[in-house]
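Single-structure report; data block below.
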Amino acid sequence: MSAGGGGNDVQWCFSQVKGAIDDDVAEADIISTVEFNHSGELLATGDKGGRVVIFQQETENKSQPQCRSEYNVYSTFQSHEPEFDYLKSLEIEEKINKIRWLPQKNAAQFLLSTNDKTIKLWKISERDKRPEGYNLKEEDGRYRDAATITTLRVPVFRPMDLMVEASPRRVFVNGHTYHINSISVNSDNETYLSADDLRINLWHLEITDRSFNVVDIKPANMEELTEVITAAEFHPHQCNTFVYSSSKGTIRLCDMRASALCDKHSKLFEEPEDPSNRSFFSEIISSISDVKFSHNGRYMMTRDYLSVKIWDLNMENRPVETYQVHEYLRSKLCSLYENDCIFDKFECCWNGNDSVVMTGSYNNFFRMLDRSQRRDVTLEASRESCKARQVLKPRRVCAGGKRKKDEISVDSLDFNKKILHTAWHPQENIIAVATTNNLYIFQEKVN
Amino acid sequence: MGTGTGGDDSLYPIAVLIDELRNEDVQLRLNSIKKLSTIALALGVERTRTELLPFLTDTIYDEDEVLLALAEQLGSFTVLVGGPEFVHCLLPPLESLATVEETVVRDKAVESLRKISQEHSPVDLEVHFVPLVKRLASGDWFTSRTSACGLFGVCYPRVSSTVKAEIRQHFRTLCSDDTPMVRRAASSKLGEFAKVLELDYVKSDIIPLFTALASDEQDSVRLLAVEAGVSIAALLPQEDLEDLVMPTLRQAAEDKSWRVRYMVADKFSELQKAVGPEITKNDLVPAFQNLLKDCEAEVRTAAANKVKGEVLPEDSRETIIMTHILPCVKELVSDTNQHVKSALASVIMGLSTILGKDNTVEHLLPLFLVQLKDEYPEVRLNIISNLDCVNEVIGIRQLSQSLLPAIVELAEDAKWRVRLAIIEYMPLLAGQLGVEFFDEKLNSLCMAWLIDHVYAIREAATCNLMKLVEKFGAEWAQNTIVPKVLGMANDSNYLHRMTTLFCINALSEVCGQEITTKHMLPVVLKMSTDQVANVRFNVARCLQKIGPVLDSSALQAEVKPVLEKLATDQDMDVKYFALEAISGMYLFNLPTYIFSETFSFSSILFFFFSFSLSP
């Protein structure tokens, strides 16, 4: 297997499903973010209940090669609690908006998690020893008679069952007036950015009481507000470069070397609108819901409501590739507007060697778009295909005209089942796909 | 040691301390760690080495504050493990502390390691310490490699030449580490490491590393290299600077990233010192001009702070500033950024001493005047706060016509913090402008502040009066300010009446006994019948305060009856402060009474009791 490569000749098969298998979905269990760490050994999910669950990949077992991608629960903790802002009379949801792993710095693992307002740095560490031996009491807590103490005892560490602890190390508060939509760790390993609807702040990972505002698009008069920031990300290698996308479908690239305030962008990526496609919904569907740099740093991918675009950082006037995710919905925009689905924020991700991208759709479908062969496939995360190592069958949606065999009619798509969050293992062909409250893990079929 | 003696009571406190090393309460663990030396002393050197230290080595799971305290303690633990002979026993716990993720803990562990490295014999250093440094330097995690960077410098001078070569090799490797964290650590320790290296190796080893780090892809690494460049330049002979260091420094001053240029501007004085006057004149001055004109305000701010050019060669300093720096300064005066202007305002006055009287009048004075009219109060304040520099050169009179409107405007600024700031410069201004000018122009301002609606301003104004009297003397006080202060005692606003009392508190001592007794005391006493309780109890406090200035007859005849009356006031607070004043004052004056014939000690006591017993 080529590391993380493979186009659509990869056969995806079911590996695991996490979460309750019943139709009654508790609001708190809805998965709100999925993220692999840099080695792919750990997979974190955040949910609307403010919890973070971390899965660990089982160490390779030679006798059962098919089990190599089994992810099991490693640690679960409550990252955020619901709060109330008394000054503004606002409830602050505990929902985890984003999780970002830090590059590993020592034996422990670190991640940033954020809800609408507060970013937290968590340490996940293992402990396999504990101290034993007291002077004044027995190990079970009974006190000894102080008069019988004739010598001093120093406690000793003894091995114990492995314990995984998650502890909050830093809490970054009061940096945002609006809702945080993105966090991104800089390649310098000491700073990260956080973006809300109108501002982007730069933080030092060790300093919690102040951050630098690098972008502020808030107009003096809020009535003049025409666009908001929807996502932001640092370049994977160039510590001075970051991009942010807007609700108007533009992406701005900023160079922090040029000045301390990045109100003036260095590059503006924007595709001229096709006048023939113009409609009432044009502006809404051109809003970018996610932006991701490729691993090599040459490209970036943006997701809007109907398409995925890939931009070369050296070409600002149009994307180098455009993929339709579910073009058949163009005729349905009116009803999607009525049921608010048109505002869904789909995310997207690259595979390990940037040759394939993945993004979600409705009806628990997700799309694999192969860049080199210009081929795409629609797969489904469903309980019907929950048999171990069962190969996923491509799905087709009838785009009008006569419905062929195996095709699904647009009208029978379930818009309540949507895949917003997906993640691709950084090296291998293992993907994590979040349906409402289930996390599906698929992997390349090994023969 | 107490270990052998059975059923020893003295063991109990130690036993508690040891048990609390693993208490669930962080505060208790912290307390125990801070008394680690007591525990070690009780255990004795042998058990400290064999039991306590292994336990501590494994405690790295603890909270940061506990680990920080532990790292610090271990730095002075040598005696407790048996002296320099056994100092290497401290290495394992410090090694594990040097790999934790918290920077403060790691830094403290490195600091302690550096400290105890000096207590190693040369042999132990090579047998125990250097291997530890190498282990850290080749550790899997970057936390350990960053810690290693700080340790090379302390062992290098004391090891054999083979080991020296190894150390240099390790340092080289870390300078090109994959992670920016390690390169930053290496970059920040490069200067320090260069200092302990032989000059030949500085040229052959350090210079290439410096050049590489200064062109690192990460801004954060490059900017640290600037500081290293300063240290390295100081080590090299003058003739090598041009070839080895200057190209890199020149490049840094023109770096694409403003943060790097900022660093150059910020370290400019040190840089000048390190490269000497010749290079400064030919090379750094043009670079500095560019920094003053930089497109990023942060850089201009840092550069503006350095316009005085302290290290320029004595003979050409004036010319250089006149021809090269001053034109840039003239532009900065009308910069768009307030921080740039305010940085400039805080140093621009210093130029006058360098440029002399004529140049100051011709070139600088117009700039001062522009800055005195700046829209940002901070800029104006910075000019005013540095007036003394100009006063020495041209005398302040030249400025006074423009100064006055600026002061008046600041004095009436809508922001009380601005008003507060200008009040603090009043004594300085008064001293330089002279009493005449002050009386004429500024006195009314000082009085107006006394009735400001912000308490902090009234308080500062009171304190200001005291300082003015210290400058101008009691007679001046009596003629100009005392009448006005006392006049406020009849004000209809009780806050203003209280201000009178606060002023008297501040002024009585500097004004002396005569003025206090003759003029102030009657007013205070009269106010004891004020209808507002706050005023009355402040009368009590005021009397206590001015008591020491008054003579004893006034105290007896006038103050005592009033205090006695206040002590029976209906208001609880008035009563409290009156009693407090009575006890405070008589205790204060106790020695005088004891030795005077009219009073005996017992009568004072009686006097005392009669008050405290009265209902």
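Couple of notes before you dig in:
- Considered as a group, the residues in the range A:133-152 that are within 7 Å of chain B (Cβ to nearest Cβ) and under 54 Å from the mean Cα position of the chain (by Cα) include one that is modelled with the highest pLDDT, and that residue is A:Leu152.
- Considering only residues in the range A:383-411 that are among the small types (Gly, Ala, Ser) and free of Cβ contacts under 8 Å to residues at least 24 places away in the same chain, the one that is nearest to A:Tyr362 (Cα to Cα) turns out to be A:Ser409.
- Of the residues making up the range A:394-447, those that are of a type in the set (Asp, Glu) and closer than 22 Å to A:Ser32 by Cα number 1.
- Qualifying strands (runs of 3 or more DSSP E) (wholly inside the range A:374-443; at least 2 residues being over 22 Å from A:Glu347 (Cβ atoms)): A:396-398, A:407-409
- Restricting the search to strands (runs of 3 or more DSSP E) fully inside the range A:165-254 and requiring at least 1 residues that are in contact with a Ser or Thr (Cβ under 7 Å, 6 or more places away or on another chain) and either of a type in the set (Ser, Thr, Tyr) or buried (at least 22 other Cβ atoms within 10 Å of the Cβ) (or both) gives A:182-185, A:191-195, A:199-204, A:229-234, A:241-246.
- Positions within the range B:342-353 being surrounded by fewer than 22 Cβ atoms within 10 Å (Cβ to Cβ), in a helix (DSSP H, G or I) and not hydroxyl-bearing (Ser, Thr, Tyr), in sequence order: B:Val347
- Filtering the range B:140-181 to residues that are closer than 21 Å to B:Ile116 by Cα and within 14 Å of chain A (Cβ to nearest Cβ) leaves B:Thr143, B:Ser144, B:Arg145, B:Thr146, B:Ser147, B:Ala148.
- Conditions (1) surrounded by 17 or more Cβ atoms within 10 Å (Cβ to Cβ); (2) of a type in the set (Ser, Thr, Tyr); (3) part of a helix (DSSP H, G or I): number failed by B:Thr99: (3)
- Any hit, the range B:54-77, residues being assigned to a helix (DSSP H, G or I), more than 30 Å from A:Asn189 (Cβ to Cβ), in contact (Cβ under 8 Å) with a residue 12 or more places away in the chain and at the interface with another protein chain (Cβ under 10 Å from one of its Cβ atoms): yes
- Within the range B:99-128, restricting attention to residues that are β-branched (Val, Ile, Thr) and more than 31 Å from the chain's Cα centre (by Cα), the residue that is farthest from the other protein chains (Cβ to nearest Cβ) is B:Val123.
- When B:Gln272, B:Gln289 are checked against the criterion of being part of a helix (DSSP H, G or I) and in contact with a Cys (Cβ under 7 Å, 6 or more places away or on another chain), a single residue qualifies: B:Gln289.
- Residues in the range B:420-450 that are β-branched (Val, Ile, Thr) and surrounded by fewer than 19 Cβ atoms within 10 Å (Cβ to Cβ): B:Val435 only.
- Test: residue in the range B:258-265 that is among the hydroxyl-bearing types (Ser, Thr, Tyr), over 28 Å from the mean Cα position of the chain (by Cα) and surrounded by 20 or more Cβ atoms within 10 Å (Cβ to Cβ): no
- Among helices (runs of 4 or more DSSP H) entirely within the range B:168-246, having at least 2 residues that are acidic (Asp, Glu) singles out B:219-235, B:238-244.
- The single residue among B:Arg458, B:Arg417 that is over 19 Å from B:Ile384 (Cα atoms), charged (D, E, K, R) and assigned to a helix (DSSP H, G or I) turns out to be B:Arg458.
- Matching entry among A:Val164, A:Val156 (being within 14 Å of chain B (Cβ to nearest Cβ), without any contact (Cβ under 8 Å) to a residue 60 or more places away in the chain and β-branched (Val, Ile, Thr)): A:Val156
- Residue within the range A:334-346 that is closer than 15 Å to A:Lys292 by Cβ, modelled with pLDDT of 95 or more and part of a loop (DSSP other than H, G, I, E, B) present: yes
- Candidates are the residues of the range B:182-219 that are touching a residue at least 40 places away in the same chain (Cβ under 8 Å), within 14 Å of chain A (Cβ to nearest Cβ) and not aliphatic (A, V, I, L, M); the one that is surrounded by the fewest Cβ atoms within 10 Å (Cβ to Cβ) is B:Ser188.
- Residue in the range B:246-266 that is over 24 Å from B:Ala297 (Cα atoms), in contact with a helix residue (DSSP H, G or I) (Cβ under 9 Å, 6 or more places away or on another chain), away from chain A (no Cβ under 14 Å) and at pLDDT 90 or above present: yes
- Cross-chain or 6+ apart pairs with Cβ under 6 Å, the range B:141-166 first and buried (at least 22 other Cβ atoms within 10 Å of the Cβ), then among the hydrophobic types (A, V, I, L, M, F, W, C) and not in a helix (DSSP H, G or I): B:Ser147/B:Ala98
The values are calculated or read from the model by the stated rules, or taken from the named source; none is laboratory data. Fair warning: this is a prediction, and the values are worked out from it, not measured in the lab. Backbone-built Cβ (ideal geometry, glycine too); neighbour counts: all protein chains shown.
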